[in-house]
There are 2 protein chains.
Amino acid sequence: MQSGITLLGYALLGLIQQKPASGYDLRKIFAETPMGTFSDSPGAIYPALLRLEQRKLIQGTIEAGSGLRQRKLLRLTVAGHAELKTWLSAPITQDDLSHRSNELMLRFAFLDHMLGEAATLRFLRSLEAELRIYVPGLQAFLKSHGPKMPISGRLALESGVLGYEAQLRWASRAVSVYEQKIKAK
Amino acid sequence: MQSGITLLGYALLGLIQQKPASGYDLRKIFAETPMGTFSDSPGAIYPALLRLEQRKLIQGTIEAGSGLRQRKLLRLTVAGHAELKTWLSAPITQDDLSHRSNELMLRFAFLDHMLGEAATLRFLRSLEAELRIYVPGLQAFLKSHGPKMPISGRLALESGVLGYEAQLRWASRAVSVYEQKIKAK
DNA sequence: CGATACATGTAAGAAGTTACATGATTGT
DNA sequence: ACAATCATGTAACTTCTTACATGTATCG
């Protein structure tokens, strides 16, 4: 993360971009949806929002609302938009696959709304291509190291491989969904 | 983690239990195997080992070896064994499934060697049972919220659901592998 | 009137990241 | 001689966790 923004930061940025929100709104999203394994604790979210505000990636305006307690509605700044776009546009690496697959899915979830269908399709094709390199590597590791591993270790590894295989099938299907969508126009 | 031991700590404990090892050995395991998404940085591992040693869960003996630089071989203490066993024996919760599935797989990988096949089978059956509750919940969420979600958000969620479905199929198969193993005796 | 949901934050401490420091041994 | 591998650690910084603090509005 050479930009100095954590994954939580990008998650917040992406959600705010989809729809301006308060810290409380964002907390609820993390608490109530099965997506993302982000913390819903105020001790993580409010400081993260403060950092984004200090970097001028988001800006809060206090809603003079319906008499409720003050509520700060957060919006992306121009710089925030740019930062999010840069993050979404980064090429997919093997290292992303092995260590940051949740980050990849988070990027995907925001891509369509932010950069459009063509960019999303490019992302999915690239993801599929990288998985087609990565998965056989895992399978080969399993084949060569498996026999000398204890059975439970081998099974645990197999579980991981099956997960990536499922992701590959998903990516292929998602590619065709987007191809259809684009062709339909 | 009310025991005050992090997941990295348990990973180290489990690996040391399988085979006494040095910090360097452990680093290499994290760096070279696709299992576990643990840091291979000395700045994470050595302090973690120090904490385990301070809690008297592991004990290091300097190997008067082949002339190489001093190498501290780490072994579990009796208390370390007990701690690992407690961790491995904890019941599986829905929260484990949604927020700590990597911890569950790590536990599984160590279970057989530490507690034997019968305990491993119990774990797998429990995992399968919890997944049979969890997966339909995810599917229901997808069905009810999916239609009002943007396509990419829905697909991202589907990817997660597919991953859990794959894990459920894996768990069922692993159960039968262990049933066979036990019956064969 | 009490519980719950709304709403935003802070403080202390634990743990991880990155980068640096140190030094021995082995192979070329 | 030099690079790579073995081997263990520390320091500064960032971030997250847990727990606390504070206060309003609504519902039964």
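FYI, it's all coordinate maths here, none of it is from the lab. Predicted model, so just to flag it, every value in this text is computed and none were measured. In this analysis, Cβ positions are derived from the backbone assuming ideal geometry, glycine residues included, and neighbour counts consider all displayed protein chains.
If I take the rotation axis that carries chain A onto chain B, which residue of chain A has the nearest beta-carbon, and at how many angstrom?
A:ALA166, 2
³J(HN,Hα) across region A:166-175 via Karplus (A = 6.51, B = -1.76, C = 1.60, θ = phi - 60°), whole Hz, x for Gly/Pro?
Per residue, the Karplus-derived 3J(HN,Hα) values read 5, 5, 5, 4, 4, 4, 4, 5, 5, 4 Hz.
Please state the charge dipole magnitude for region A:7-89, taken about the Cα centre, from unit charges on C-beta atoms (+1 on K and R, -1 on D and E), reported in debye and rounded to the nearest 20.
Details: 11 positive and 6 negative charges, 38 e Å.
That gives a dipole near 180 debye.
Hey, rough spin-label estimate for A:LEU73 and A:PHE141, points 7 angstrom out along Cα→Cβ, what's it come to in nanometres?
For the pair A:LEU73/A:PHE141, the computed spacing is 4.8 nm.
Leaving out same-chain residues fewer than 8 places away, which lysines sit with a Cα under 23 Å from that of A:LYS85?
A:LYS19, A:LYS56, A:LYS181
What average count of beta carbons from other chains do you get within 10 Å of the Cβ of residues in A:99-106? Before the final figure, lay out the partial values.
On the way: counts 3, 1, 3, 2, 0, 2, 6, 1.
Partner Cβ neighbours, averaged per residue: 2.
Can you give the angle from 0 to 90° between the axis of helix B:42-54 and the longest principal axis of chain B, with both taken from C-alpha atoms, to the nearest 10?
On a 0 to 90 degree scale, this one is about 70.
Please give the charge dipole size of chain A, origin at the Cα centre, charges +1 on K and R Cβ atoms and -1 on D and E Cβ atoms. Round to the nearest 20 debye.
200 debye
Note the distances from A:ASP95 to each other copy's matching label point, with points 7 Å along the Cα-to-beta-carbon direction, in nm, sorted shortest first.
Copy-to-copy label distances at A:ASP95, shortest first: 3.4 nm.
Can you give the local net charge around A:GLY137? Use residues other than it whose beta-carbon is closer than 12 angstrom to its beta-carbon, Lys and Arg +1, Asp and Glu -1.
Working: positive: A:ARG132, A:LYS143; negative: A:GLU130.
It works out to a net charge of +1.
Taking 7 Å along the Cα-to-C-beta vector as the label spot, tell me the A:ASP40-B:ASP40 distance in nanometres, rounded to one decimal.
With each label point 7 Å from Cα toward Cβ, the separation is 3.7 nm.
From the residues B:PRO150, B:ALA171, B:PHE110, which one has its Cα farthest along the dipole of chain B in the positive direction, the dipole being from +1 and -1 charges on Cβ of Lys/Arg and Asp/Glu about the Cα centre?
Projecting each Cα onto the dipole axis, the largest value belongs to B:PHE110.
Using unit Cβ charges (K, R positive; D, E negative) and no other charged atoms, how large, in debye to the nearest 20, is the dipole of the protein assembly as shown about its Cα centre?
On the way: 48 positive and 32 negative charges, 1 e Å.
In debye, rounded to 20, the protein assembly as shown gives about 0.
For helix A:78-89, what angle does its Cα long axis make with the longest principal axis of chain A, in degrees from 0 to 90 and rounded to 10?
Long axis of A:78-89 versus the principal axis of chain A: about 10 degrees.
Cα axis of helix B:23-32 to longest principal axis of chain B: angle in degrees, 0 to 90, nearest 10?
30 degrees
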